[in-house]
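Q: One structure follows; several queries about it will come next.
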Amino acid sequence: MAPNHETIFTMEATPVKFGRGASADAGWELRRLGVRRAMLVTDPGVAAAGDPEQIKRAIEAEGIQVALYTRSRVEPTIDSFQAAVDYALEHEADGFVSVGGGSSIDTAKVANLVCTHPAPVMDYVNPPVGEGRKPPSPLKPHLAIPTTSGTGSEATTVAVLDIPDLKLKTGISHRYLRPTQAIVDPDLTRSLAPEVTSSTGLDVVCHAAESFLSKPFDARERPESPDDRPPYQGSNPVADVWSAKALEFGGRYLRRAVADPEDLEARGFMMLAATMAGVGFGSAGVHIPHSCAYPIASVKHEYQPAGYPDDHPFVPHGHSVIVTAPAAFRFTYDAAPERHAHVASLLAGSPIADPGPDTLPSVIRQLMQDVGAPRGVAELGYREDDIPDLVSGALKQQRLLAVAPKPVTEDDLRRIITASMMNW
Ligand SMILES: [Fe+2]
């Protein structure tokens, strides 16, 4: 270990209220947080299902004004973030509630950031795309209420955005972006199509597996100042606990949740797994599959997924992530063979005899098949001659690749993506 290696890790987590019916407490939580004029951020699809209206009434019953914003975009952009910021400023919001998937939660994070510390949104975007500006003080209260069991955004410090002109996805990350409180209510996920449950559930599995297999925090260099300590710190004993439990739940409940939308027990555990994995990866970080997922979602916009609104083609996030996971974990195996075997056995639900380099990839492939995931990158609309664009897009995600358990070169990424064109 290098003499100037990191010796410190930080454990932070969003307080979570979990259980059926918990979203009825939204107003109580906001009042406790001192909010008087809340902006409720959601998207048109979730709004149409009626939950945001019900949550709005629960908040108003506590004497809190609510400005309902139903225009968050499924893949947020600078413009869609800016529109939410303008709305927050116009309504003088002193607190935020997000109801929806990761994009609504992320939109509320950015609206909160920019209306608290006004500046062009791009100034806050991670370098090299943006300036990586840091907010000087904590933001206003943000109550996050996820309705999909996947992103774990309610537990993390990151907001992801799409930049169509540059054909890339990037993000804003800072600890102040982490929501103040989360309410995770399994009753809110019942309307999801099996394809959505599959994609979001596989995202959970990848968050947990990538975090568990990330570079140990003490293998990083010690930063000059606490300010320079990254939000993604690498694996550590506390993040491991959350990631391991999320893997166990993912292995046990995802198949059931996809097979039967009415299986509330399985859905509840997948929501819990999503939040737990969010705590794990909000501390440790994700790396190769998520780095590859960014260009897979942004280089081409041709894939029209079943089970999602058909207003614009896109690759569902979880499916964009899982397709490179088998090859990525085959590549990282030699960095930590025992930890790879441990992830495989957690997902499989029992110890695996004589684990080797292909054990975890084959456990993941089996899970993908069982929940109807796409076979690989090719099925998402890409051909061999797109591989260079995908590789260069993945290579741009250095913030993520920095916590991979071993160095990742351009050639490594090319081999991983090529092997992921068809997983079976
Ligand atoms: Fe993800």
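Q: Only one of ARG252, ARG229, ARG222, ARG256 is in contact with a His (Cβ under 9 Å, 6 or more places away or on another chain), assigned by TED's automatic domain parsing to the domain that holds ALA306 and surrounded by fewer than 20 Cβ atoms within 10 Å (Cβ to Cβ); which?
A: ARG222
Q: While we're looking at this one, here's another question. Within the range 308-330, does at least one residue satisfy the condition of being surrounded by fewer than 17 Cβ atoms within 10 Å (Cβ to Cβ) and touching a helix residue (DSSP H, G or I) at 6+ places or on another chain (Cβ under 6 Å)?
A: Yes: the range 308-330 contains one or more residues that are surrounded by fewer than 17 Cβ atoms within 10 Å (Cβ to Cβ) and touching a helix residue (DSSP H, G or I) at 6+ places or on another chain (Cβ under 6 Å).
Q: Can you tell me which residue in the range 137-160 is farthest from the ligand (Cβ to nearest atom), limited to those that are at pLDDT 95 or above and over 22 Å from SER199 (Cβ atoms)?
A: Only one residue tops the list, namely SER137.
Q: When the residues of the range 186-214 are filtered to those that are charged (D, E, K, R) and buried (at least 24 other Cβ atoms within 10 Å of the Cβ), which remaining residue is farthest from PRO305 (Cα to Cα)?
A: If we take residues in the range 186-214 being charged (D, E, K, R) and buried (at least 24 other Cβ atoms within 10 Å of the Cβ), then GLU210 is farthest from PRO305 (Cα to Cα).
Q: Scan the range 198-248 residue by residue and report those that are among the hydroxyl-bearing types (Ser, Thr, Tyr) and within 14 Å of the chain's Cα centre (by Cα).
A: SER199, THR200, SER211, TYR232, SER243
Q: Tell me which residues, restricted to the range 162-207, are among the aliphatic types (A, V, I, L, M) and over 27 Å from LEU113 (Cβ atoms).
A: LEU192, ALA193, VAL196, LEU202, VAL205, listed by residue number.
Q: Still on this structure, please answer the following. Inspect all residues belonging to the range 84-102 and state whether any of them is assigned to a helix (DSSP H, G or I) and closer than 22 Å to VAL279 by Cβ.
A: yes
Q: Further, regarding this structure: Looking at VAL279, VAL241, which is the one that is assigned by TED's automatic domain parsing to the domain that holds GLU338 and touching a residue at least 40 places away in the same chain (Cβ under 8 Å)?
A: VAL279
Q: Another question, then. I'd like to verify a number: residues in the range 251-283 that are more than 13 Å from the chain's Cα centre (by Cα) and either within 13 Å of the ligand (Cβ to nearest atom) or of a type in the set (Phe, Trp, Tyr) (or both), how many?
A: Summing the residues that are more than 13 Å from the chain's Cα centre (by Cα) and either within 13 Å of the ligand (Cβ to nearest atom) or of a type in the set (Phe, Trp, Tyr) (or both) in the range 251-283 gives 2.
The values are calculated or read from the model by the stated rules, or taken from the named source; none is laboratory data. Since this is a predicted model, take the numbers as computed values, not measurements. Using ideal geometry, Cβ is built from the backbone for each residue, glycine included, and neighbour counts are taken over all protein chains shown.
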